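The values are calculated or read from the model by the stated rules, or taken from the named source; none is laboratory data. Quick caveat: nothing in here was measured; it's all calculated off a predicted structure. Neighbour counts are summed over all protein chains in view; Cβ atoms, including those assigned to glycine, are modelled from backbone coordinates with ideal geometry. For the accessible areas, the whole protein counts, side chains as well, though only heavy atoms, and no ligand, DNA or RNA atoms are used. Shrake-Rupley method; radii C 1.70, N 1.55, O 1.52, S 1.80 Å.
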Amino acid sequence: MTITTVSTIKELRSILDGARADGQRVGFTPTMGFLHQGHVSLMEAARQDNDLVVASIFVNPLQFAANEDLSDYPRDLARDTELSQGAGVDVLFTPDVSEMYPFGPVLTTVSVGEISERWEGATRPTHFAGVATVVSKLFSIVGPCRAYFGEKDFQQLAVIRRMVADLSMPVEVVGCPIIRESDGLAMSSRNVYLTPEQRAAAPVLRRALDAGLAAIENGERSGPAVQAIVAAMLDAEPEADRDYAAVVGAGTLAPVNELSGEIRILVAAKVGRPRLIDNDGLVVGA
Ligand code: AMP
């Protein structure tokens, strides 16, 4: 089937309402475009589980701070359309800013409290309110659906799960594993900003996570000790400027002193221009 591209809310609603009236289950993958295999994996998961798959491409100004890369965020709609079609997307929603925010700056925003404040939220204080606002708007446009998000943005996934639960949104949130390059670097649209030297250094995030996981597997049960191992690995790479290395509970995202249960290690570092994030986890038995 060929993909249908729509750029107005009205057209999208009419297609999706029709599909639901026919008893079809809708799968939804929101993205900012410049797609890679990470995005494709979400679309393929949506294809597996649902009758009709919609993906959105919208570079959302609300989630960028003034000093961030909104104006030169990479874009390639022709390639994105091809990749989406190949992944089995039925409808591609590509609104422009005036379609999404016709009245200019929004007066109504969604903020998800404490879970948004640490880690990414500490460095990017307005980011998660921008994400939660646009995702709730997209959910309201798309309607009842299963929505697919990557664990690559682990805190974002937690924020969205909490928002959906708190506001009883008619959406089932599905988290999908991180897709990586062969050397371990998590795929990201922003990886194109890396120079060859920075690209060679960037897998240090994966190696730092591995060092933390290995320490836990070898019996280390102190969260701060594991955090120090991960941070030291990042700090040993001259191209990487560490923002944080954190050992947290996978549900709360709060730091854990005595490791037990589901643990996640989160890292963020600037490598040249882009700020890269990554994470991995494990379950620590009693
Ligand atoms: P973005 O276009 O960066 O806003 O990302 C759109 C969706 O793709 C989000 O749910 C991301 O978590 C997900 N995503 C981005 N990179 C990856 C990756 N390497 N593996 C899996 N999912 C990803």
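Structure notes:
- For the chain: accessible area per residue (Å², 1.4 Å): 45 Å²
- Inverse of mean 1/r across different Cα pairs in region 189-284, Kirkwood, Å: 13.4 Å
- Shape analysis of region 114-192 based on the Cα gyration tensor places the equivalent ellipsoid semi-axes at 23, 17, 11 Å, largest first.
- Counting only heavy atoms of the protein chains and using a 1.4 Å probe, Asp49 has close to 80 Å² of accessible surface.
- Gyration tensor (alpha-carbon) shape descriptor, region 4-176, a/c threshold 1.5: rounded
- Partner lysines for Lys137 [C-alpha distance under 25 Å; skip if fewer than 8 residues away on the same chain]: Lys10, Lys152
- Only Cα pairs under 8 Å and 6+ residues apart enter the sum, and on that basis the relative contact order of the chain stands at 16 percent.
- Whether region 15-63 is rounded, prolate or oblate, judged on the alpha carbon gyration tensor where a/c under 1.5 counts as rounded: oblate
- Among 221-230, 95-104, the order from most to least packed when residues are scored by Cβ within 10 Å on average: 221-230, 95-104
- Expected 222 nm ellipticity per residue - DSSP helices of 4 or more, -39500 (n - 2.57), all of the chain, to 500: -11000 deg cm²/dmol
- Nonpolar atom fraction for the chain, defined as the carbon and sulfur part of the 1.4 Å probe accessible area, stands at 52 percent.
- Sequence-separation-based contact order of region 79-140, relative, with Cα cut under 8 Å and 6+ spacing, percent: 26 percent
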